[in-house]
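Data first, discussion second: the structure below is written as structure tokens.
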Amino acid sequence: MKTIYQTTVNATGGRDGQVASEDGVLTLDVRVPQEMGGPAGGFTNPEQLFAAGYAACFDSALNLVARQQKLKINSSVSATVGLQMADPTSFNLAVSLAVRIEGVEQATAQELLAKAHATCPYSKAIRNNVEVSLTLIDELQHHA
């Protein structure tokens, strides 16, 4: 398989450290979330970073499958990533994607959602390992 892009991000200090990309574009302080006993403030954490990457990648996959079908859509993806304690020494992730697709009928939107989930590299990477729930947000839910 041909690699078309790769990047490297260095982490130091784990959940109480910093992440920085090799090109310097991404440099963030990482802290344990306040809900887990960490400090309040403007810090990120691994779950937020994963959610951001997954949401962006999934929206890209969604638009790709729409273009392949010659459909014009407007979309957005909200990714919620939860850290679960499986047992005292083991953790799991759970993901919920709330997807808004405008410009097509609901049945078509549902098909695009399924195809995007089959196409997205993040979805493929965690398939059968991380619980992922997909929700198509219709306009009534969106405006409520």
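Residues that are within 30 Å of ALA40 (Cβ to Cβ) and of a type in the set (Phe, Trp, Tyr) within segment 1-24 are absent altogether.
The condition (being of a type outside the set (Ser, Thr, Tyr) and more than 21 Å from LEU28 (Cβ to Cβ)) is satisfied by just one residue among ALA118, ALA52: ALA118. Selection within segment 69-104: residues that are over 12 Å from LEU136 (Cα atoms) and charged (D, E, K, R). The member of this set that is modelled with the lowest pLDDT is ASP87.
Only one of GLY41, GLY103, GLY53 is small (Gly, Ala, Ser) and within 11 Å of the chain's Cα centre (by Cα); which? Steps first, answer last, please.
Details: GLY41 fails: within 11 Å of the chain's Cα centre (by Cα); GLY103 fails: within 11 Å of the chain's Cα centre (by Cα).
Unique residue meeting the criteria: GLY53.
Among all positions in segment 82-92, there is no residue which is buried (at least 17 other Cβ atoms within 10 Å of the Cβ) and touching a residue at least 12 places away in the same chain (Cβ under 8 Å).
The values are calculated or read from the model by the stated rules, or taken from the named source; none is laboratory data. These figures come from a predicted structure and were not determined experimentally. Heads up, the Cβs are rebuilt from the backbone with ideal geometry, glycines too, and the neighbour counts pull from every protein chain shown.
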